[in-house]
Amino acid sequence: MELRLLGQTGMAVSVIGLGTVTWGRLAGLGYPVPSALPSDVRLASLLERAEALGVNLIDTAPAYGESEARLGALLAGRRGRWRIASKAGETFDGARSHFDFSRPAILASVGRSMRRLRTDRLDLVTVHSDGEEEGEAKFGQAVDALARLKRQGGIGAVGFSAKTEAGACWAAIRCDVVMLTWNETDQSLSLGLRDAQRHRAGVLVKKPLAQGRLPASSLRFAVGTAGVTSAILGTSDPQHLDAAVKAVLGDHDTQAGIENPC
Ligand SMILES: NC(=O)c1ccc[n+]([C@@H]2O[C@H](COP(=O)([O-])OP(=O)(O)OC[C@H]3O[C@@H](n4cnc5c(N)ncnc54)[C@H](OP(=O)(O)O)[C@@H]3O)[C@@H](O)[C@H]2O)c1
């Protein structure tokens with residue numbers, strides 16, 4: 001699988017990453033088809049298939065319920081093969097989200113994520129925005145706290161998951177990585193993507209299939225857009241991952257045995 005540099009972080013990540021929101025949370029997600037939490041056996045098989053395909057990037061968050069803890073258990077003994085991206089700023093209590101972008105809350109959240117993920121280093125931590133994106137005044141403290149952790153070596157890069165054009169444009173200047181929705185039916189953050197490209201920030205696409213409303217072939221649109229580093233595909237199904245990789249890269253790249261450089 002093709003690897004791309006994630007902005008100026010020096011990290012090489014696969015052009016398709018794995019999204020794990022449905023691994024640990026069912027409520028309040030907006031998917032068109034309701035699902036049950038996947039079994040450990042299914043997720044272990046998905047991770048094995050992903051590794052064989054050359055996927056090396058996985059995205060999780062404290063707000064994804066059991067996702068971090070399940071991932072930590074499943075990655076035991078294979079942590080070195082993966083670039084782990086988590087988030088901070090949002091928690092979910094099973095019914096609703098809570099947000100805290102203060103320095104102490106961000107630091108406590110990263111520590112908790114590391115314990116759940118059974119690692120002493122996260123490759124990327126992204127501020128999990130609440131959608132009311134007032135830039136520096138609201139998120140400056142969170143980004144500064146993460147930048148300090150980066151200087152100390154605890155995390156590899158600082159990101160911001162944007163929901164508005166203003167938030168994405170601010171993050172393009174302030175962060176190593178911007179996460180934004182980008183697919184065939186939603187290109188509303190195009191100025192954010194343009195600014196990220198200008199400032200050489202990495203771009204991770206969330207919802208590349210519009211939460212399952214688009215076919216696997218639509219991934220080609222996300223990964224083929226200039227400035228996009230990687231599309232984070234949400235799935236718990238090894239066959240869906242295979243289909244998505246095949247749709248983007250053709251049969252050749254779906255063969256097992258590709259070396260993962262991590
Ligand atoms: N930071 C944020 O605010 C934020 C917000 C949303 C998402 N994210 C991240 O981005 C990731 C991706 O976004 P997303 O999961 O919301 O949406 P998505 O990737 O656009 O779509 C996921 C949906 O598509 C289905 N799917 C995947 N591959 C398929 C295939 N080949 N054929 C048919 N259906 C397929 C999945 O079901 P199956 O499980 O059955 O494959 C799932 O229901 C998330 O998992 C999360 O890590 C971040």
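For the stretch 24-41, check the following and say yes or no: at least one residue is touching an Asp or Glu at 6+ places or on another chain (Cβ under 7 Å) and either in contact (Cβ under 8 Å) with a residue 24 or more places away in the chain or part of a loop (DSSP other than H, G, I, E, B) (or both).
Taking the stretch 24-41 as the starting set, the residues that turn out to be touching an Asp or Glu at 6+ places or on another chain (Cβ under 7 Å) are 24.
Subset that is either in contact (Cβ under 8 Å) with a residue 24 or more places away in the chain or part of a loop (DSSP other than H, G, I, E, B) (or both): 24.
Within the stretch 24-41, one or more residues are touching an Asp or Glu at 6+ places or on another chain (Cβ under 7 Å) and either in contact (Cβ under 8 Å) with a residue 24 or more places away in the chain or part of a loop (DSSP other than H, G, I, E, B) (or both).
Enumerate the pairs (first residue in the stretch 54-75 and near the ligand (Cβ under 8 Å from one of its atoms); second residue anywhere and open to solvent by less than 10 Å² (accessible area, probe 1.4 Å) and acidic (Asp, Glu)) with beta-carbon separation below 9 Å, excluding pairs fewer than 6 apart on the same chain, so at least 6 apart or on different chains.
Matching pairs, first to second residue: Thr60/Glu68; Ala61/Glu68.
Among all residue pairs at least 6 apart or on different chains, which show Cβ distances below 9 Å where the first residue, located in the stretch 179-195, is aromatic (Phe, Trp, Tyr) and the second is part of a strand (DSSP E or B) and within 10 Å of the ligand (Cβ to nearest atom)?
So the pair list comes out as Trp182/Val205; Trp182/Lys206; Trp182/Ala231.
Sort out for me the strands (runs of 3 or more DSSP E) sitting completely within the stretch 79-120 that have 1 or more residues that are within 25 Å of Ile16 (Cα to Cα) and modelled with pLDDT of 95 or more. Before you say what the answer is, go through the steps one by one.
Details: elements: 83-88, 90-92, 97-99.
Because the criterion is at least 1 residues that are within 25 Å of Ile16 (Cα to Cα) and modelled with pLDDT of 95 or more, the strands (runs of 3 or more DSSP E) in the stretch 79-120 that meet it are 83-88, 90-92.
Can you tell me which residue within the stretch 123-138, out of those that are within 15 Å of the ligand (Cβ to nearest atom) and surrounded by fewer than 24 Cβ atoms within 10 Å (Cβ to Cβ), is farthest from Thr9 (Cα to Cα)? Working first, answer last.
Restricting attention to the stretch 123-138, the residues satisfying the condition of being within 15 Å of the ligand (Cβ to nearest atom) are 123-133.
Applying the additional criterion that residues be surrounded by fewer than 24 Cβ atoms within 10 Å (Cβ to Cβ) yields 123, 130-133.
On the way: Asp123: 10, Asp130: 25, Gly131: 25, Glu132: 27, Glu133: 24 Å.
So the residue we want is Glu132.
If we scan the stretch 71-86, do we find a residue that is open to solvent by 50 Å² or more (accessible area, probe 1.4 Å) and within 20 Å of Met179 (Cα to Cα)?
The answer is yes; a qualifying residue exists.
Can you tell me which of (1) without any contact (Cβ under 8 Å) to a residue 40 or more places away in the chain; (2) open to solvent by less than 30 Å² (accessible area, probe 1.4 Å); (3) not in a helix (DSSP H, G or I) is the one Leu47 doesn't meet?
Every listed condition holds for Leu47 apart from (3).
Is it true that some residue in the stretch 10-17 is open to solvent by 50 Å² or more (accessible area, probe 1.4 Å), more than 16 Å from Leu233 (Cβ to Cβ) and not in a loop (DSSP other than H, G, I, E, B)? Before the answer, list the steps.
First pass over the stretch 10-17, keeping only residues open to solvent by 50 Å² or more (accessible area, probe 1.4 Å): 10.
From what is left, the residues that are more than 16 Å from Leu233 (Cβ to Cβ) are 10.
Adding the requirement that they be not in a loop (DSSP other than H, G, I, E, B) leaves none.
Looking through the stretch 10-17, none of the residues is open to solvent by 50 Å² or more (accessible area, probe 1.4 Å), more than 16 Å from Leu233 (Cβ to Cβ) and not in a loop (DSSP other than H, G, I, E, B).
Within the stretch 201-225, track down each residue that is open to solvent by less than 10 Å² (accessible area, probe 1.4 Å), among the small types (Gly, Ala, Ser) and within 8 Å of the ligand (Cβ to nearest atom).
none
Restricting attention to the stretch 20-36, which residues are open to solvent by 60 Å² or more (accessible area, probe 1.4 Å) and under 19 Å from the mean Cα position of the chain (by Cα)?
Here is the first cut: in the stretch 20-36, the ones open to solvent by 60 Å² or more (accessible area, probe 1.4 Å) are 26, 28, 31-36.
Selection gives Leu26, Gly28, Tyr31.
Within the stretch 226-236, restricting attention to residues that are touching a helix residue (DSSP H, G or I) at 6+ places or on another chain (Cβ under 7 Å) and in contact (Cβ under 8 Å) with a residue 40 or more places away in the chain, which residue is farthest from the ligand (Cβ to nearest atom)? If you could, list the steps in order and put the result at the bottom.
The first filter runs over the stretch 226-236 and keeps only residues touching a helix residue (DSSP H, G or I) at 6+ places or on another chain (Cβ under 7 Å), leaving 226-228, 231, 233-236.
Those still in the list that are in contact (Cβ under 8 Å) with a residue 40 or more places away in the chain too: 228, 231, 233-236.
Details: Val228: 13, Ala231: 8, Leu233: 5, Gly234: 2, Thr235: 3, Ser236: 4 Å.
Restricting to residues being touching a helix residue (DSSP H, G or I) at 6+ places or on another chain (Cβ under 7 Å) and in contact (Cβ under 8 Å) with a residue 40 or more places away in the chain, the top hit is Val228.
The values are calculated or read from the model by the stated rules, or taken from the named source; none is laboratory data. Bear in mind that the values here come from a model prediction, so they are computed numbers and not experimental data. Cβ: placed from backbone, ideal geometry, glycine included. Neighbour counts: every protein chain shown. Note: areas computed on protein heavy atoms with side chains; ligands, DNA, RNA excluded. Shrake-Rupley method; radii C 1.70, N 1.55, O 1.52, S 1.80 Å.
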